[in-house]
Number of protein chains: 2
Amino acid sequence: MTAPGPLDEFGLIERFFAPLAGPSGLGLKDDAALVHVPVGHDLVTTVDAIIEGVHFLPSDPAETIGWKALGVNVSDLSAKGAEPLGFLLTLALPKHIDASWLAGFADGLGSAADLWSCPLVGGDTVKMPGPLTLSITAFGAVPSGTMLRRSGARPGDILAVTGTMGDAALGLPLARGSLPSWASTLKPEDRAFLVERYRRPRPRINVAAMLRADASAAMDISDGLLGDAAKMLAVSGCGALIDANLVPLSDAARHALTAEPSCLETVLTGGDDYEILCAVPPARWDRLQANIAACGVPFTRIGMVTEREAGFSVQGSDGPLNFSSLAFNHFGQDNS
Amino acid sequence: MTAPGPLDEFGLIERFFAPLAGPSGLGLKDDAALVHVPVGHDLVTTVDAIIEGVHFLPSDPAETIGWKALGVNVSDLSAKGAEPLGFLLTLALPKHIDASWLAGFADGLGSAADLWSCPLVGGDTVKMPGPLTLSITAFGAVPSGTMLRRSGARPGDILAVTGTMGDAALGLPLARGSLPSWASTLKPEDRAFLVERYRRPRPRINVAAMLRADASAAMDISDGLLGDAAKMLAVSGCGALIDANLVPLSDAARHALTAEPSCLETVLTGGDDYEILCAVPPARWDRLQANIAACGVPFTRIGMVTEREAGFSVQGSDGPLNFSSLAFNHFGQDNS
């Protein structure tokens, strides 16, 4: 056996990750994990990888990296109307990762897992001769046959989003340590809010069941509102009319737009919102809006679904908006 | 939107991976996948990441990399007694990966998925500023409460393995293009066999149900027979007596050992066997052996489970064997 050092795989799992494991994790000492899917439910599963320098910054705190790795996946589950059951973690660790980083990472991951009732059930830890790479597979459950799809939007449906848009994309340059001119006019608490929104997504798990009951289609907004909306409507075979003036903004984002109106493009097409976009038949709108408002989540109508022939259009204060790229594309950003 | 190039994420999924997706994959166009767990069954899930230069060679054919990525995971399912249901794929692609590589990879992955009835249901594709990294999460089902654990071995149980040991570890230097002295005496077909065993694991899915019925504990042998056996027995709170002379060898491995007796250490502690180690109560041995033999899988008794106090010992022709390291450790190989 190799000498147990700080990064010995088994010692590392025992020390940092076994404490996060639920009973199905078998102490993380088996080849596989058991996931109990409640009777009468379907298993919903999703995987997202995040890589240092691509999806998070080398300077991001370990604790928020752990939080975000789980958050981006739980956000996908929520958008499908699913309640979290647990997750698998793959950690590909470069040599420079030490016990202090792992402790912070496990702390952030564990806090998120507790908050969202989504325990660690297993995983894999490997050596990485490249950038720190994390991949999480999350599991959730929906009553059989009720998973929300992207493909269910119909002409006449109302388009709506949870939360506020663009905060994370505005926070990214600030998290990088640069200070764009628009940001210099912002109060420190606005800047801190935007960075926090970039680093620590808050999946909307408490609205999952409501959306499942009343929305016709939904998706997680991760690559920018407009690009993701275009994807959902393409899969639904529909068009859309979105009113940019209705897109909900945080105070901080509003201050940024006041300082620099061209930030609108970042707000509408930037990534990392981790909010939910959904389509809602008009007859169900009032109930859904009331239910979501009752649990304190902002929920805002931003437009409507149209026939496919009407295309995908975005209305601004001075006419239609056209951006060179609708979506932030982690994958294509160096290829485009 | 970014221009659709050969490595545009959506075009890439459509072209190479949508054809591998089963109906639960929703055409790989949604945030998440549905996995149908049969009534009265538990979901068993496992994840393994493989990285170029760590778990496979830059010179390995794309087709066998696809095969192996799924094989190592299905092997974990089989060792738990689970029947495959499907898998999620995470692909982290460096820039040098082109359409021809992806076509070969998808071909190998698809052949394996068909053979093992384990369809692609979803995944994630990201840009990697580092080595090619693949991670697969595989799903399987067992009748509720019957998943085989590592922890069930009891003193008096027979220890047995499927297939032959050490072929892949002997094949590794040959796949790397080097020719150790022992290999120069081997026939070309023996060398080709060993390389094939390294590149193309054959999970023992057809014995999963038999093991579930009669074994008390089981695990997938991926990091070397002795190290993995030591892990299984430690979790079971037992010791073991293994007879190295009983360990089953292929003709090719036997020829290698004849040429160079010290290859025995590689055979017993090298990685990548992807066979199953199990513990079997003596009363169930005859039935299990007959059932497994009937489906043409070699199944060989190699020792017995003892009380913990007896320790973990390996008997060779000339007395107890002691190796500096019991296990091949992908993770620790540069840290040890």
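The values are calculated or read from the model by the stated rules, or taken from the named source; none is laboratory data. The model shown is predicted, which means the values in this text are computed figures rather than measured ones. Every residue, glycine as well, gets a Cβ built from its backbone with ideal geometry; the counts of neighbours run over all protein chains shown.
Just give me the residues in region A:211-223 being within 14 Å of chain B (Cβ to nearest Cβ), in a helix (DSSP H, G or I) and among the aliphatic types (A, V, I, L, M), in sequence order.
A:L211
I'm told B:A217 meets every condition in (1) surrounded by fewer than 24 Cβ atoms within 10 Å (Cβ to Cβ); (2) more than 16 Å from B:D273 (Cα to Cα); (3) out of contact with any Phe, Trp or Tyr (no Cβ under 8 Å at 6 or more places or on another chain) except one. Can you identify the failing condition by its number?
(1)
In this structure, does B:P61 turn out to be away from every other protein chain (no Cβ under 12 Å) and under 17 Å from B:A21 (Cα atoms)?
So B:P61 does not fit the description; no.
For A:L132, are the conditions met, namely being buried (at least 19 other Cβ atoms within 10 Å of the Cβ), under 30 Å from B:H55 (Cβ atoms) and at pLDDT 95 or above?
On the way: buried (at least 19 other Cβ atoms within 10 Å of the Cβ): yes; under 30 Å from B:H55 (Cβ atoms): yes; at pLDDT 95 or above: yes.
Yes; evaluated as a whole, the condition is true for this residue.
Which ones in region A:72-108 are of a type in the set (S, T, N, Q) and closer than 15 Å to B:G123 by Cα?
The answer is A:N73, A:T90.
Would you please list the contacts, defined by Cβ atoms under 6 Å and residues six or more apart or on different chains, that run from a residue in region A:75-92 that is touching a residue at least 12 places away in the same chain (Cβ under 8 Å) and under 16 Å from A:G163 (Cβ atoms) to a residue that is of a type in the set (V, I, T) and surrounded by 24 or more Cβ atoms within 10 Å (Cβ to Cβ)?
A:D76/A:T46; A:A79/A:I276
Would you kindly identify the helices (runs of 4 or more DSSP H) lying entirely within region A:224-294 that contain at least 2 residues that are out of contact with any strand residue (DSSP E or B) (no Cβ under 8 Å at 6 or more places or on another chain) and closer than 18 Å to A:D318 by Cβ? Don't jump to the end; show me each part of the working.
Numbers: elements: A:225-236, A:251-259, A:263-269, A:282-294.
Of the helices (runs of 4 or more DSSP H) lying wholly inside region A:224-294, those with at least 2 residues that are out of contact with any strand residue (DSSP E or B) (no Cβ under 8 Å at 6 or more places or on another chain) and closer than 18 Å to A:D318 by Cβ span A:251-259, A:263-269.
Determine, yes or no, whether B:A208 is part of a strand (DSSP E or B) and either small (G, A, S) or not assigned by TED's automatic domain parsing to the domain that holds B:C278 (or both). Show your work before the answer.
Values: part of a strand (DSSP E or B): no; either small (G, A, S) or not assigned by TED's automatic domain parsing to the domain that holds B:C278 (or both): yes.
Judged against the criteria, B:A208 is not a match.
Out of (1) modelled with pLDDT of 95 or more; (2) within 11 Å of chain A (Cβ to nearest Cβ); (3) surrounded by fewer than 21 Cβ atoms within 10 Å (Cβ to Cβ), the odd one out for B:G53 is which?
The one condition B:G53 does not meet is (1).
Restrict the check to region A:119-141 and report whether at least one residue is within 14 Å of chain B (Cβ to nearest Cβ), closer than 27 Å to B:T125 by Cα, in a loop (DSSP other than H, G, I, E, B) and touching a Phe, Trp or Tyr at 6+ places or on another chain (Cβ under 8 Å). Break it down stepwise before answering.
Here is the first cut: in region A:119-141, the residues within 14 Å of chain B (Cβ to nearest Cβ) are A:119-141.
Narrowing the set further to residues that are closer than 27 Å to B:T125 by Cα leaves A:119-141.
With the extra rule that they be in a loop (DSSP other than H, G, I, E, B), the set shrinks to A:119, A:128-132.
Now restrict to residues that are touching a Phe, Trp or Tyr at 6+ places or on another chain (Cβ under 8 Å): A:119.
There is at least one residue in region A:119-141 that is within 14 Å of chain B (Cβ to nearest Cβ), closer than 27 Å to B:T125 by Cα, in a loop (DSSP other than H, G, I, E, B) and touching a Phe, Trp or Tyr at 6+ places or on another chain (Cβ under 8 Å).
Counting only residues that are among the small types (G, A, S), more than 14 Å from chain A (Cβ to nearest Cβ) and closer than 24 Å to A:D30 by Cα, which one in region B:235-266 is surrounded by the fewest Cβ atoms within 10 Å (Cβ to Cβ)?
This residue is B:G239.
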